[in-house]
Amino acid sequence: MLETKVPVGISARHIHVSQGDLDILYGEGYQLTVKKDLLQVGQFAANETVDLVTEKSSFKNVRILGPVRKQTQVEIALTDALKLKIGIPVRESGDTKGSAGITVVGPKGTVTLEEGVIAAGRHIHMSIDDAKKFGVQDNEIVKVRCDGERGLIFDNVLIRVHENFRLEMHIDTDEANAAMCKNGCTVEIIK
């Protein structure tokens with residue numbers, strides 16, 4: 001019998017930064033410090049935060065997630081985009097071409113991104129062994145049921161398989177609120 005239950009991790013607004021942008025925001029050669037390790041191996045919530053600013057609004061103290069990446073990217077929920085008064089696409093993490101821009105303010109400097117703001121598409125991280133247990137493949141799109149008082153079915157959920165991934169479905173705060181889902185709740189892949 002195939003496995004079907006997956007734990008959920010809820011992703012609040014955050015930013016991934018390149019080392020070059022971190023040097024501007026926090027000072028030359030700055031290194032992120034770990035506030036809390038995340039479930040995925042090597043990923044962490046940093047102690048460091050930045051402000052996100054548009055012409056019409058802003059968010060203060062947005063958490064940086066580490067480690068540094070090749071390219072700076074901001075991930076926010078669609079309701080966050082409404083507050084900031086910008087239009088953003090729903091995309092897989094890393095796919096920022098043609099997305100909205102934003103100004104990022106740190107304690108030592110400011111970076112203006114021409115593009116880089118997205119709502120991350122819902123996805124499930126799993127190891128190669130997990131993929132076998134669930135009968136799915138990397139880049140497969142599945143449906144996922146969340147039970148409960150406001151239960152719903154999430155469509156268009158991307159499966160991401162890697163030997164270092166740990167089993168977890170990532171949704172944003174809008175999606176979690178709609179389903180009354182908390183960190184650690186379990187959902188079921190129904191294909």
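The values are calculated or read from the model by the stated rules, or taken from the named source; none is laboratory data. What you see is a predicted model, and the numbers here were worked out from it, not measured in a lab. Here the Cβ positions follow ideal geometry from the backbone for every residue, glycine too, while neighbour counts run over all protein chains shown. All accessible areas refer to the heavy atoms of the entire protein, side chains included, with ligands and DNA or RNA removed. Shrake-Rupley method; radii C 1.70, N 1.55, O 1.52, S 1.80 Å.
Looking at segment 112-129, is at least one residue hydrophobic (A, V, I, L, M, F, W, C) and without any contact (Cβ under 8 Å) to a residue 40 or more places away in the chain? Checked against the condition, which is being hydrophobic (A, V, I, L, M, F, W, C) and without any contact (Cβ under 8 Å) to a residue 40 or more places away in the chain, segment 112-129 yields at least one hit. For segment 32-75, the strands (runs of 3 or more DSSP E) that sit wholly inside it and include 2 or more residues that are among the β-branched types (Val, Ile, Thr) are 44-53, 58-69. Within segment 106-126, the residues that satisfy the criterion of being open to solvent by 10 Å² or more (accessible area, probe 1.4 Å) and not in a loop (DSSP other than H, G, I, E, B) are Thr110, Val111, Thr112, Leu113, Glu114, Glu115, Ala120, His123, His125. Restricting to segment 175-189, name every residue that is assigned to a loop (DSSP other than H, G, I, E, B) and either closer than 16 Å to Met126 by Cα or polar (S, T, N, Q) (or both). Once the filter is applied, which keeps residues that are assigned to a loop (DSSP other than H, G, I, E, B) and either closer than 16 Å to Met126 by Cα or polar (S, T, N, Q) (or both), segment 175-189 yields Asn183, Gly184. Mind checking which residues of segment 69-79 are touching a helix residue (DSSP H, G or I) at 6+ places or on another chain (Cβ under 8 Å) and open to solvent by less than 20 Å² (accessible area, probe 1.4 Å)? Scanning segment 69-79 gives Thr72, Ile76, Ala77. Considering segment 10-34, and only residues there that are surrounded by fewer than 19 Cβ atoms within 10 Å (Cβ to Cβ) and among the small types (Gly, Ala, Ser), the residue that is nearest to Asn177 (Cα to Cα) turns out to be Ala12. Among the residues of segment 90-105, those identified as in a loop (DSSP other than H, G, I, E, B) and open to solvent by 30 Å² or more (accessible area, probe 1.4 Å) are Glu92, Ser93, Gly94, Asp95, Lys97, Gly98. Basic (Lys, Arg) and farther than 15 Å from Lys5 by Cβ: does that describe Arg145? No: the conditions fail for Arg145. Please verify whether Leu84 is without any contact (Cβ under 8 Å) to a residue 60 or more places away in the chain and in the same structural domain as Leu25 (by the TED database), treating the condition exactly as stated. Considered against the rule, which asks whether it is without any contact (Cβ under 8 Å) to a residue 60 or more places away in the chain and in the same structural domain as Leu25 (by the TED database), Leu84 comes out as yes.
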